[in-house]
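The values are calculated or read from the model by the stated rules, or taken from the named source; none is laboratory data. If you're wondering where the values come from, they're calculated on a predicted model, not measured in any experiment. Neighbour counts are summed over all protein chains in view; Cβ atoms, including those assigned to glycine, are modelled from backbone coordinates with ideal geometry. Just so you know, the surface numbers come from the protein's heavy atoms only, side chains and all, with ligands and any DNA or RNA stripped out. Shrake-Rupley method; radii C 1.70, N 1.55, O 1.52, S 1.80 Å.
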Amino acid sequence: MARKSPQPKATSFEVLECVQQNCPSCGKPMWNEYNNLRHVRTLKGVVQLLLKIRRCQNRSCERYRIKYRPEQEGSWALPQQEFGLDVIALVGALRYSEHRSVPQIHQQLRDRGIEVSERSVIYLLERYDELVALWLSDHSRLKAIAKKGGYQNP
Ligand SMILES: [Zn+2]
């Protein structure tokens, strides 16, 4: 989604390192080749993430020079998204548990200090719906695998 307003100032800062420091393909150490900065708007403010990006340096490896990003990045936000997963979860809860309209959700987010347009609220609701659909399909798939393998859900 194209940005019309300037990026909000970060209120906190986090450094994310890769847990996996060896290449998942060849097992040789991956170098921290460069860092990326990313801003994520969360319910607790705007967080600036410093991402330590690694790459395999083994020329004979199939993952040679392919980026490896910190695993934890995915718990903050979806790829290419500026709003955190916590904001998406709140938007979904307000819509489906509390039956709030888009303008009401928009107002609640603004009351929490989150600068967002109504159009962005609609967009966040769409992301929420996609995540729920993905979870449901994955959950069904996992249940089928567990059943096939004779495992029981607790
Ligand atoms: Zn490798």
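Of the helices (runs of 4 or more DSSP H) lying entirely inside the stretch 60-147, those containing at least 3 residues that are surrounded by 14 or more Cβ atoms within 10 Å (Cβ to Cβ) span 85-96, 102-111.
Scanning the stretch 19-59 for residues that are open to solvent by less than 60 Å² (accessible area, probe 1.4 Å), of a type in the set (Lys, Arg) and either over 30 Å from GLY92 (Cα atoms) or within 16 Å of the ligand (Cβ to nearest atom) (or both) yields a total of 3.
Report yes if some residue within the stretch 46-68 is within 27 Å of LEU125 (Cα to Cα) and touching a Ser or Thr at 6+ places or on another chain (Cβ under 6 Å); otherwise report no. Yes, there is a match, as at least one residue in the stretch 46-68 is within 27 Å of LEU125 (Cα to Cα) and touching a Ser or Thr at 6+ places or on another chain (Cβ under 6 Å). Against the numbered list (1) under 15 Å from the mean Cα position of the chain (by Cα); (2) within 16 Å of the ligand (Cβ to nearest atom), GLN72 comes up short only at (2). Taking first residues from the stretch 32-55 that are among the small types (Gly, Ala, Ser) and partners that are outside any loop (DSSP other than H, G, I, E, B) and buried (at least 16 other Cβ atoms within 10 Å of the Cβ), no Cβ contact under 8 Å between residues at least 6 apart in sequence or on separate chains turns up.
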